[in-house]
Every structure is written in structure tokens, then in C-alpha cells.
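Here is the structure we will look at, set down as C-alpha cells.
The values are calculated or read from the model by the stated rules, or taken from the named source; none is laboratory data. Predicted model only: the values in this text are computed from it and were never measured. All Cβ positions, glycine included, derive from the backbone under ideal geometry; neighbour counts span all protein chains shown.
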Amino acid sequence: MNRLTEKKCLPCEGIGQALNQTQAQTLLAQTPQWKLSDDGKLITREYIKKDFMDAVRFINDVARIAERENHHPDVHLTGYKNVRIALSTHALKGLSENDFIIAAKINELPRPVMAK
């Protein structure tokens, strides 16, 4: 089990400052298939689901994780089955450990179709 999946997200307000590139790279190593943006303020992962309903079910699974952790990603559904998840801590205008906790928990969801 990934150590990040054992953690809970902290309230974003007042948790300090955004992670620097080195800190983000260290946590990124624990979240396979997630990509760090060039400016180091966002991580993303893309999925290709079987069909529209499979994509919606996946988004609902992500939503349940986000609600439990009270840390919410940007979710994009395009082309009826392509899902892109983007994580950033809006209160910090960059990344926090919370983003990687959510990414690690999303990585544990079943993957019956393709991930980009």
C-alpha cells in the first residue's frame, strides 16, 4: 500500500506554502502516471474509459474520494470517454501534499480500461 493512501488531507487554509519543484518531484514518484506541469503548480492524469457511462462512473468514484478528503480536483470529460483529472491546492496557488494524497487514492480505483 502506498504511504500516501494512508494519510488524510488537511484543511487547505493555513497549511503553509505550496511545495517547491523538488518536494513535488519526490511525491510524484509515489503517484505513478501522474504528470507535473512545467510550472510545478499542478499534477494531471488522463484516462480513456470504455464508454460514456464508464467515464461517468469513474468520475463519481473520484468525486467520492474528493468529498471524503474535502479536497477537490478539476475533472474534465471530453470526447464522451476521455477523462482528465487535474489537482492543485487553490488556496496555495500550487501543490500541497493533499494533491498527492488524492492522486494516490485515485490510483487505487479499478482500471478496467486504458490509462494514458
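Quick notes
A quick yes/no check of all residues on (1) at positive phi; (2) of a type outside the set (Lys, Arg); (3) touching a Gly at 6+ places or on another chain (Cβ under 7 Å):
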| residue | (1), (2), (3) |
| --- | --- |
| Asp61 | no, yes, no |
| Arg64 | no, no, no |
| Glu67 | no, yes, no |
| Pro73 | no, yes, no |
| His76 | no, yes, no |
| Gly79 | yes, yes, no |
| Leu87 | no, yes, no |
| His90 | no, yes, no |
| Pro110 | no, yes, no |
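- Listed by first and then second residue, the pairs linking a residue in the stretch 18-45 that is within 26 Å of Ile59 (Cβ to Cβ) to a residue that is modelled with pLDDT of 95 or more and of a type in the set (Val, Ile, Thr), with Cβ atoms under 6 Å apart and 6 or more places separating them unless they lie on different chains, are Trp34/Ile43; Lys35/Thr44; Leu36/Ile43; Arg45/Ile85.
- Enumerated helices (runs of 4 or more DSSP H) restricted to the chain, each holding at least 3 residues that are at pLDDT 95 or above and surrounded by fewer than 18 Cβ atoms within 10 Å (Cβ to Cβ): 21-28, 52-69
- Test: residue in the stretch 84-103 that is free of Cβ contacts under 8 Å to residues at least 24 places away in the same chain and of a type outside the set (Lys, Arg): no
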